[in-house]
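The values are calculated or read from the model by the stated rules, or taken from the named source; none is laboratory data. Note that the coordinates shown come from a computational prediction; the quantities given were computed from them, not determined experimentally. Here the Cβ is made from the backbone with ideal geometry for all residues, glycine too, and neighbour counts use every protein chain on show. Heads up: the accessible areas ignore ligands, DNA and RNA and are worked out on the full protein's heavy atoms, side chains in. Shrake-Rupley method; radii C 1.70, N 1.55, O 1.52, S 1.80 Å.
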Amino acid sequence: QVQLVESGGGLVQPGGSLRLSCVASGFTFRSYAMSWYRQAPGKERELVAAISIVGGTNSADSVKGRFTISRDNAKNTVYLQMNSLKPEDTAVYYCKAFRRFSGDTYWGQGTQVTVSS
């Protein structure tokens with residue numbers, strides 16, 4: 001049974017930090033590119049950051065220099081370190097696994113991040 005379980009969300013003040021985690025099970029984690037998406041109320045889901053199976057990363061312009069994606073294949077976990085958070089970062093954050101070879105795609109259930117004073 002495939003599972004992606006996100007954690008680490010919560011309420012934080014502007015300028016603060018959070019680290020999101022996504023623990024994977026039920027598939028060969030190291031063979032999948034991993035990414036974080038977010039969806040704010042009334043907006044479309046957007047890509048935040050992605051990491052390939054060999055560790056290459058990319059991120060949205062809106063989070064460059066503030067957010068860092070990383071993965072630990074030994075722990076089947078992908079992380080999103082979020083620093084200098086802004087109110088516009090408020091959203092539900094989702095973890096996604098993607099295998100280019102097969103097209104298999106899995107999503108987590110999401111974790112809420114709220115940036116407010």
| P(r) of the chain over all Cα-Cα pairs, binned every 5 Å from zero, in whole percent | 2, 13, 24, 26, 19, 10, 5, 1, 0
| request: Using Cα positions and a limit of under 27 Å, work out the lysines in reach of Lys86, with same-chain residues fewer than 8 apart set aside. | output: Lys43, Lys64, Lys96
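Give me the 1.4 Å probe accessible area per residue for region 21-86, excluding ligands and nucleic acids, in Å². Can you show the working numbers first?
On the way: 3370 Å² over 66 residues.
Computed with neighbouring chains in place, this is 51 Å² per residue.
So if R0 is 35 Å, what FRET efficiency would Lys43 and Lys75 give, r being the distance between their Cβ atoms, rounded to the nearest 0.05?
Values: r = 31 Å, r/R0 = 0.90.
E between Lys43 and Lys75, to the nearest 0.05, is 0.65.
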| If you count, for each residue, the other Cβ atoms within 10 Å and average over each peptide, how do 107-115, 74-82 line up from highest to lowest? | 74-82, 107-115
